[in-house]
1. Go through LYS273/LYS342; LYS75/LYS169; LYS29/LYS242 and tell me which ones have a Cα-Cα distance over 31 Å in this structure.
2. Cut-off 10 angstrom, C-alpha nodes, Gaussian network model of the chain. Which of ASN139, ASN181, ASN203 fluctuates the most?
3. How would you rank PHE213, PHE58, PHE182, PHE174, going from fewest to most other Cβ atoms within 10 Å of each one's own Cβ?
4. Name the residues whose placed amide hydrogens come within less than 5 Å of the amide hydrogen of GLY365, ignoring near sequence neighbours (fewer than 5 apart) on the same chain.
5. By how many degrees, between 0 and 90 and to the nearest 10, does the Cα long axis of helix 43-52 differ from the longest principal axis of the chain?
6. Which of VAL244, VAL33 comes first, and how do the rest follow, when ranked by fewest Cβ neighbours within 10 Å?
7. Need one number: nm distance between label points at SER72 and ARG148, each 7 Å from Cα along Cα→Cβ, rounded to one decimal.
8. Which of PRO25, PRO220, PRO289 moves most in a GNM of the chain, Cα contacts under 10 Å?
Amino acid sequence: MDRAWIELDLNNLENNINEIKKIIPEKTKIMAVVKANAYGHGDIQIARKLSDIGIEDFAVATIQEGIKLRKSGIKGSILILGYTDISSVDNLLAYDLTQTSLDLEYAKQLNKYNVCGKKVKVHIKLNTGMNRIGESYKNIDNVVKTYRLENIKVEGIFSHLCVADSLEKSDVEFTNAQIDNFTSCVNEVKKHVKDIGKVHLQNSYGLLNYPAFIGDYVRPGIIMYGVYSTKDKDIQRKINIKPVLSLKAKITSTRTILKGESAGYGRKYIASKDTKIASVCIGYADGYPRALSCKDTKVLVNGEYATVIGNICMDQLILDISDCKNVKRGDVVTLIGRDKDKEITAMYLAEKADSMTYEILSRLGDRLNVKI
Ligand SMILES: *Cc1c(COP(=O)(O)O)cnc(C)c1O
């Protein structure tokens, strides 16, 4: 009997890919962002399905994530979006991973390695205003120099948008400036480099809100999983995405406590009347945020709402099941997902926890089995 687990609806993943394809140009490919264990969904299961439906390009955050995908047989390109220590260059080559170049200095370090004539594949990251990583779009010279390094093979150039999810006037102006700076840098570099490789810019909100930019790839993450970031975010082009992930766990015990009795650590919940309660085997160590404690957070049990009471524990939590019928050990609790006509969304939890869907999903833990 499973304790707590994730269920994937891979048909919904396929639906979301098709919905994204509808709004991007035919020649633009999808580079599927499967970092952070595919936003908590299970990277191998997600990448395999994506491969099955024709996705050939993936992005991860770390070299370990890339190696894991290769070891499970994922083919195609895998771009590491973040930093890789230079001591791991051998593994970039051994597993045929593409590394992001953070700037010219980093590229020069990568260039020092020439293992049996094999060249490290690289995409150049341009900083166009996020100011996190990347060579400044102003340093055309450095970008051209990166292309000319002999022991690396530059196959692409990209940047990242940091407020594409907002349609506030100043944010739109900022994003348009990012797009302009990226485009003009790329055009300038083209004058010096014959083949600059693949050009890409848009994340989920970039492709929803800034369709005019046409790259060789789009890099969707969150919308591929069928989820928007937070409710107040603006979207130009709504598409019919559907959530891929459900989060479930089992009821372990039920009991009735009397008016005035407490439940859980810190005695944060005191029953205002005699109350039927149940414990569930999932906790914050599984990624269900402790910030949802004492917030009247709803879950579903047998098609009815139940309420999380008291402090969420590391491995368990406690519910008020007054409104649920015949709850017994082994019954399934839906913490994210549908049960009959009701649904708990990742967005709902994100708002309750004062967070965003990205964090709620990506922190779902290793202890959860992934069921397809
Ligand atoms: C995470 C990430 C993405 C995907 O972002 P979403 O907002 O989930 O679509 C795209 N590009 C880069 C560089 C990223 O780090």
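1. Result: LYS75/LYS169 exceed 31 Å.
2. In this elastic network of the chain, the residue with the biggest mean-square fluctuation among ASN139, ASN181, ASN203 is ASN139.
3. Numbers: PHE213 21, PHE58 29, PHE182 25, PHE174 18.
In increasing order of surrounding Cβ atoms, one gets PHE174, PHE213, PHE182, PHE58.
4. GLY287
5. 60 degrees
6. VAL33, VAL244
7. That separation, rounded to one decimal, is 4.3 nm.
8. Maximum among the listed residues: PRO25.
Every number here is computed from the coordinates shown, using simple stated rules; none is lab data. Since the structure is predicted, the reported quantities are computational estimates derived from the model, not experimental observations. Counting neighbours? That spans all protein chains shown, and the Cβs are built from the backbone with ideal geometry, glycine included.
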